[in-house]
Amino acid sequence: MTITNSIAFVTGANRGIGAAFVDALLDAGAARVYAAARQPISHADPRVIPITLDVTDAAAIKAAADKAGDVTLLINNAGALEGGDVFAAGAEALERQLAVNTLAPLRLAAAFAPALRRSKGAIVNILSVVALAPMPGLASYSASKAAAASLTGALRATLAADGVAVHGVFPGPVDTDMAAGIDLPKTSPVDVARAVLAGVEAGTADIFPDAFARQVEQGWFADPRAVALQFAA
């Protein structure tokens, strides 16, 4: 699909990659951007329509989809990250992250599917390179993103016959508040958002939007076990 004249719905639009998506969409000529967040944002561009949304609230998702029934591009960006190894974090941390990182994208995809089918639109799910192989210090986050990656593939297969593209995005560390505690070189959210939109226009199913991610991609397809061992260390 083309971004020019698209009508996008972005979750987690108040900061980080979500805020960068809003501006990148406007720069690319989007006709309208529904900017969804728990705290509504303020934006100078009249094409931005703030939406108050907690992505763990199924009723709120339905209400948002009813309000934004003309969407052609759904960007599931809202995310939750809790650190700690698999035992220190515990099952409750995994449940919280599954609610935001996995179940919310499914509910949003289901709610917006009628509009996306009509428009032959697209879904973008923001995942992570740790969806491919877990990092022990991000155990539950890795698991939630791995589940979301599997979900992305299922959505892609389900919606393909309807002409709806489904893109999985596997960034490395990005310079956001959520990743503040990760001690690795980080990519600008602006660069990630622009790379993702370019990938959507190119029809790239799985998008690795930064140098770190592309390095992981090459290693993963060459020797996934080696990447898993590297991440485990």
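Structure above, values below:
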{"quantity": "Rg followed by Dmax, in Å, when the chain is reduced to its Cα trace", "calculated": "16.6, 49"}
{"quantity": "For Glu82, distant residues with modelled amide H under 5 Å away", "calculated": "Tyr141"}
{"quantity": "Tail beyond 19 Å, pair distance distribution of segment 156-233 (Cα, percent)", "calculated": "47"}
{"quantity": "Sites Asn5 and Glu92, calculated FRET efficiency, Cβ-Cβ separation with R0 41 Å, nearest 0.05", "calculated": "0.40"}
{"quantity": "24 Å Cα cut-off, lysine pairs counted over the chain (separation 8 or more, or different chains)", "calculated": "4"}
{"quantity": "Relative contact order (percent, whole number), the chain, Cα cutoff 8 Å, 6+ residue spacing", "calculated": "19"}
{"quantity": "Contour excess over end-to-end distance, with Cα ends at Lys120 and Asp206 and 0.36 nm allotted per residue", "calculated": "29.1 nm"}
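All of the numbers you see were taken from the coordinates with simple rules; none came from a lab. Note that this is a predicted model, so its numbers are computed, not measured. With ideal geometry, Cβ positions are generated from the backbone for all residues, glycine too; neighbour counts draw on all protein chains shown.
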